[in-house]
1. Where residues in the stretch 142-152 are over 19 Å from residue 262 (Cα atoms) and crowded, with 24+ Cβ neighbours inside 10 Å, which of them is nearest to the ligand (Cβ to nearest atom)?
2. May I ask you to verify whether residue 194 is over 23 Å from the mean Cα position of the chain (by Cα), more than 13 Å from the ligand (Cβ to nearest atom) and among the aliphatic types (A, V, I, L, M)?
3. From the set of residues in the stretch 8-60 that are touching a strand residue (DSSP E or B) at 6+ places or on another chain (Cβ under 8 Å) and of a type in the set (S, T, N, Q), which is nearest to residue 317 (Cα to Cα)?
4. Kindly check whether there is at least one residue in the stretch 361-372 that is more than 30 Å from residue 431 (Cα to Cα) and within 19 Å of the chain's Cα centre (by Cα).
5. Please go through the stretch 98-141 and give me each residue that is more than 16 Å from the ligand (Cβ to nearest atom) and touching a strand residue (DSSP E or B) at 6+ places or on another chain (Cβ under 9 Å), ordered by number.
6. Give 242, 228, 253 a once-over and let me know the one that is under 30 Å from residue 293 (Cα atoms), small (Gly, Ala, Ser) and in contact with a Lys or Arg (Cβ under 7 Å, 6 or more places away or on another chain).
7. Criterion first (more than 16 Å from the ligand (Cβ to nearest atom) and within 24 Å of residue 385 (Cα to Cα)) does residue 281 satisfy it?
8. Among the residues of the stretch 304-327, how many are modelled with pLDDT of 95 or more, more than 22 Å from residue 58 (Cα to Cα) and surrounded by 17 or more Cβ atoms within 10 Å (Cβ to Cβ)?
Amino acid sequence: MPDRRIQLPGKDMPTAWYNIMADMKNPPTPYLNPATQELLTPDLLTPIFPMALIEQEVSQQRWIDIPGEVIDIYRQFRPAPLHRALRLEQALGTPARIYYKYEGVSPAGSHKPNTAIPQAFYNKQAGVKRLATETGAGQWGCALSLACTWFGLECTVYMVKVSFHQKPYRKTMMRLWGSEVIASPSDRTHAGRAILEQNPDSLGSLGIAISEAVEDAATRTDTNYALGSVLNHVLMHQTVIGLEAQQQMAIAGDYPDVVIGCCGGGSNFGGLAFPFMGEKLRGEAKKDIRFVGVEPAACPTMTRGEYRFDYGDVAKSTPLVKMYTLGHNFMPAGIHAGGLRYHGMSGLVSQLLNEGYMEAVAYPQIPVFEAAALFARTEGLVPAPESSHAIRAAIDEALKAKANNEEKVILFGLSGHGFLDLGAYENYLDGKLEDFALPENELCAALAELPIIP
Ligand SMILES: Cc1ncc(COP(=O)(O)O)c(C=O)c1O
């Protein structure tokens with residue numbers, strides 16, 4: 001009987017992050033200054049990011065050493081286990097072998113601490129006292145709160161108002177770890193007040209909360225900003241996931257035909273996929289691996305968005321990134337996978353998708369919850385609704401393998417647990433979930449607000 005849980009000894013934990021920019025065939029598209037639309041210069045970022053992270057953002061070095069202090073904290077919950085989904089395979093009657101890398105073992109319950117910890121470390125090293133950030137459903141806010149507590153930094157989290165009221169327990173976790181949590185839009189910032197003036201009942205969005213957090217950081221000398229996804233350095237920190245998975249797959253004596261991850265801003269997908277994609281780009285891969293990013297049909301950035309320069313936030317204060325986007329003013333429907341409700345996508349993931357190195361699929365939430373329920377009943381773990389998008393795609397790949405009688409090896413990222421999403425599961429079990437198909441006219445209206453960059 002094969003092992004169901006493949007552990008990596010602590011001594012084999014990665015000591016360097018992998019930077020895919022070193023292996024991409026075309027250099028990554030540089031960011032633009034949001035005010036002038038000219039090439040972004042580092043001085044625009046220094047008021048809100050420490051220099052070490054700005055350097056990582058543009059580095060072409062293939063390997064970047066993980067600082068010893070960060071490795072020490074990673075050891076608190078890493079290496080994370082790789083599981084063979086034997087019970088799920090049996091339930092599906094598939095000849096495919098399914099593996100999942102489980103990031104729900106971190107104290108915050110997701111992959112987000114993999115980057116929160118180094119971001120807090122580099123800010124502390126640069127003498128910063130306080131970090132400001134945004135959070136949607138609360139996973140990123142929890143991860144940064146924990147990291148700030150460990151490094152003795154203050155932390156303020158602007159939490160999208162609808163989640164602030166609907167997901168009170170994530171707020172409690174952030175406060176327990178010492179953070180101040182503010183419902184966004186708030187009256188603390190110009191950006192928040194401008195939104196409230198237009199619409200006092202605004203339920204907020206990630207794009208609004210980012211504007212508030214960036215403004216907070218830019219207007220205080222003791223404060224920097226931290227982002228939980230999208231940026232190059234964030235995806236690079238997450239490669240500990242894929243680097244561990246490569247070793248664990250070797251221990252299991254297997255190699256994936258397909259690697260799957262859910263995509264909000266692209267960080268857990270990039271973290272798992274990039275080390276394997278690097279092997280493929282360098283001509284070292286043992287198979288012609290496929291890579292699949294999975295998103296919600298209600299926020300179909302990669303499958304229905306445009307590959308264009310856009311702002312990361314509503315107030316147009318972030319750099320312009322060339323990415324798949326639905327437009328910075330896009331307001332997604334209130335699906336339960338809060339962490340996948342972002343209008344844009346990582347520039348690196350977008351470029352790799354545009355150049356044909358990966359595929360993207362979108363699912364409505366009911367089939368996603370059906371997959372999550374089958375997974376919970378077979379493998380036992382309660383998955384986060386975000387991660388359940390990857391489960392849906394993995395099950396569909398396994399069913400395709402069954403129909404074709406092929407022994408495919410499927411690896412997917414289980415980016416977090418869903419213990420604080422039980423309200424969503426309750427709705428699913430009571431038959432109260434709804435699917436949202438994004439109407440074409442709404443999509444066109446949001447895309448019409450994209451900046452025109454020659
Ligand atoms: C559990 C989980 N998975 C996935 C995501 C999506 O983010 P990303 O695409 O950056 O991994 C989130 C975001 O909050 C999340 O909480």
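1. 142
2. It is true that residue 194 is over 23 Å from the mean Cα position of the chain (by Cα), more than 13 Å from the ligand (Cβ to nearest atom) and among the aliphatic types (A, V, I, L, M).
3. Within the stretch 8-60, the match that is nearest to residue 317 (Cα to Cα) is 33.
4. No, the stretch 361-372 contains no residue that is more than 30 Å from residue 431 (Cα to Cα) and within 19 Å of the chain's Cα centre (by Cα).
5. Within the stretch 98-141, 98, 99, 120, 123, 126, 128, 129, 130, 131, 132 meet the criteria.
6. The conditions single out 228.
7. Against the criterion (more than 16 Å from the ligand (Cβ to nearest atom) and within 24 Å of residue 385 (Cα to Cα)), residue 281 does not qualify.
8. Result for the stretch 304-327: 4.
The values are calculated or read from the model by the stated rules, or taken from the named source; none is laboratory data. Everything quoted here is computed from the prediction, not taken from an experiment. All Cβ positions, even for glycine, are placed from backbone atoms using ideal geometry, and neighbour counts span all protein chains on display.
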